[in-house]
Amino acid sequence: FIGISLGVAVLIIVMSVMNGFRSELIDKIVGFNAHITVQPYDKPINKDKLNNKNLELISNELIFSNSGEAMIIKDNNLKGILLRGYQSQDFKKSKIFNKKFYIENNNILLNNYISIGRELSFTLNLKVGDDITLMSSAGVETIVGSLPKQKTFLVSSIFESGLSDFDNNIAFINLETLENFFNLNVGDRNLEIYLKNPSKIELMKSNTLSIL
């Protein structure tokens, strides 16, 4: 009887720990990624369709974003990074902006400002107020040919998601600044959808595609 009781108790404890770990992991990942991301392939996303009542019923937030790969240059150090661009007013509405993610400052994304992860700040020895240079994968035409774009950004904030891969490889900048940096158009923007009920994501995804 004692052996069975101990076995059941251990099983309950292990299941509780695993369920808690799963919930915490999902919460952190979803905090940095939308439930649904709609990308424009052959035509831009029609903003007029975003006022659809059916879309409002299933979503909490609709946010436009874009991204691109760049190289950080700091002193003699080079580091590849994924830049994600948001408009300042949209960034404040997202879970990314939640104060629990930030350990230093949480300024909105202004032009030429960049928000980096804590692991990246350790890797490159950066702090709020430092300047860093980014090299774009997009080129600019000069008299000597095409050269990569370079731009200086001010570190305005440092975040900590709890996931080292995010903190070391992702940074946030202003959406218009990102588009200029990578030679992107407004029509290239992605639509991020944050659902009210993420557990039914497959059904919600089908409804979203039928609307857009």
- Given region 105-196, what whole percent of its Cα pairs are spread farther than 20 Å? 45
- Cα-Cα over 24 Å: which of Lys79/Lys149; Lys49/Lys149; Lys47/Lys92; Lys92/Lys127; Lys43/Lys93; Lys92/Lys149? Lys49/Lys149; Lys43/Lys93; Lys92/Lys149
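Since every read-out is calculated from the coordinates, none of them should be taken as a lab result. Note that the structure is a prediction, hence the values are computed from the model and not measured.
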